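This report refers to the structure that appears directly beneath it.
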Amino acid sequence: MIVKNDKDREGMRAASRVVKAALDAAEAYIRPGVTTLDIDAVVEETIRKLGAIPSEKGFHGYPNASCVSVNDVVVHGIPSLQVVKSGDIVSVDITALLNGYQGDAARTFAVGEVSEADMKLIKAAENAFYAGMEYAKAGNRVGDISSAIQLYSEINGYGVVRALTGHGIGRQMHEPPEVPNFGKKHTGPTLKNGLCIAVEPMITRGDWRVYCASDKWTIKTSDGSNAAHYENTVIITDGAPEILTL
Ligand code: MF3
Ligand code: CO
Ligand code: CO
């Protein structure tokens, strides 16, 4: 969506605030011994209490309010009776619909005591997002964001997942353009003032290759390496981007 007026802009902000509140609730709740389904319940309750709809539920048949992806699961982990334990890293990806507007964000959280390598991985996913933000400005092109994310990640020794991308967002969860986390500078669609996009690096401690598990949702690294995900909903402007899900 290209936000052209205050109503749209405020709508995107409000939906994004719900997503951030649900991420915060999940972060506060996560500890060794809880199941991924328990985490999902906290997310759903938070979204509904704020008068919003968990829009992942039912999206192409997806069964839950959130995606909860542990260790080598990159994204789209289906909440289950899996118990998280100290040393795990858990990515939570949430989309909420409020008054016709979608917000979308993800974070990777550490459970208990996590290895230094995994803590660095989590921070690198966030840093890769901000590397992309340096180029998230009207007049630049999508490939400028993509290449910055890829460069930051690969220089630091991480694999950049290619099978899934960021995306435009607005009244629909997924709108054009696609925002890949790899690519070449000066290529792709030109960023316009008011364009809303979800930018979401997914990086691994190993190779970029992934596969989809037999449940048709769970995306795992092919080499079994752990992965991290960091996503925000962003509005492009003529200056610094407005990051809505912080
Ligand atoms: N929130 C995801 C994204 O970043 C989409 C989730 S897929 C769903 O684009 F099926 F869970 F909805
Ligand atoms: Co998401
Ligand atoms: Co997204």
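The values are calculated or read from the model by the stated rules, or taken from the named source; none is laboratory data. Model, not experiment: these values are computed from the prediction. When we count neighbours, we look across all protein chains shown, and the Cβ atoms used for this are built from the backbone with ideal geometry, even at glycine.
Quick notes on this one:
- Selection status of ASP118, within 16 Å of ligand 1 (Cβ to nearest atom), in contact with a strand residue (DSSP E or B) (Cβ under 9 Å, 6 or more places away or on another chain) and among the acidic types (Asp, Glu): no
- Filtered residues of region 37-53 (kept if over 18 Å from GLY170 (Cα atoms), within 15 Å of ligand 1 (Cβ to nearest atom) and touching a residue at least 24 places away in the same chain (Cβ under 8 Å)): LEU37, ILE39, ASP40, VAL43
- Residue count for region 44-63, restricted to those that are more than 15 Å from ligand 3 (Cβ to nearest atom) and touching a strand residue (DSSP E or B) at 6+ places or on another chain (Cβ under 8 Å): 7.
- Annotation for region 54-62: at least one member residue is closer than 25 Å to HIS174 by Cα, away from ligand 2 (no atom under 16 Å from the Cβ) and surrounded by fewer than 21 Cβ atoms within 10 Å (Cβ to Cβ).
- Some residue of region 189-205 being at pLDDT 95 or above, among the β-branched types (Val, Ile, Thr), part of a strand (DSSP E or B) and surrounded by fewer than 17 Cβ atoms within 10 Å (Cβ to Cβ): yes
- Single residue of region 216-246 satisfying the filter (among the polar types (S, T, N, Q) and touching a residue at least 24 places away in the same chain (Cβ under 8 Å)) that is farthest from GLU27 (Cα to Cα): THR237
- Scope region 69-90; condition part of a strand (DSSP E or B) and without any contact (Cβ under 8 Å) to a residue 40 or more places away in the chain; matching residues: VAL70
- Selection count where residues are under 21 Å from ILE169 (Cβ atoms), touching a Cys at 6+ places or on another chain (Cβ under 9 Å) and either of a type in the set (S, T, N, Q) or away from ligand 2 (no atom under 15 Å from the Cβ) (or both), scope region 203-246: 3
- Extreme residue, nearest to VAL18 (Cα to Cα), among residues of region 198-215 that are touching a residue at least 40 places away in the same chain (Cβ under 8 Å) and aliphatic (A, V, I, L, M): ALA198
- Applying the condition of being hydrophobic (A, V, I, L, M, F, W, C) and away from ligand 3 (no atom under 13 Å from the Cβ) to region 75-90 and asking which residue is surrounded by the fewest Cβ atoms within 10 Å (Cβ to Cβ) yields LEU81.
- Criterion violated by ALA21 - all others in (1) more than 13 Å from ligand 2 (Cβ to nearest atom); (2) more than 15 Å from the chain's Cα centre (by Cα); (3) surrounded by fewer than 22 Cβ atoms within 10 Å (Cβ to Cβ) satisfied: (2)
- Residue in region 27-37 that is within 16 Å of ligand 3 (Cβ to nearest atom) and crowded, with 22+ Cβ neighbours inside 10 Å present: no
- Region 136-186 - residue that is acidic (Asp, Glu) and either touching an Asp or Glu at 6+ places or on another chain (Cβ under 9 Å) or not in a strand (DSSP E or B) (or both) and, of those, surrounded by the most Cβ atoms within 10 Å (Cβ to Cβ): ASP144
- Selection count, region 91-124, where residues are within 16 Å of ligand 2 (Cβ to nearest atom) and either assigned to a helix (DSSP H, G or I) or surrounded by fewer than 23 Cβ atoms within 10 Å (Cβ to Cβ) (or both): 3
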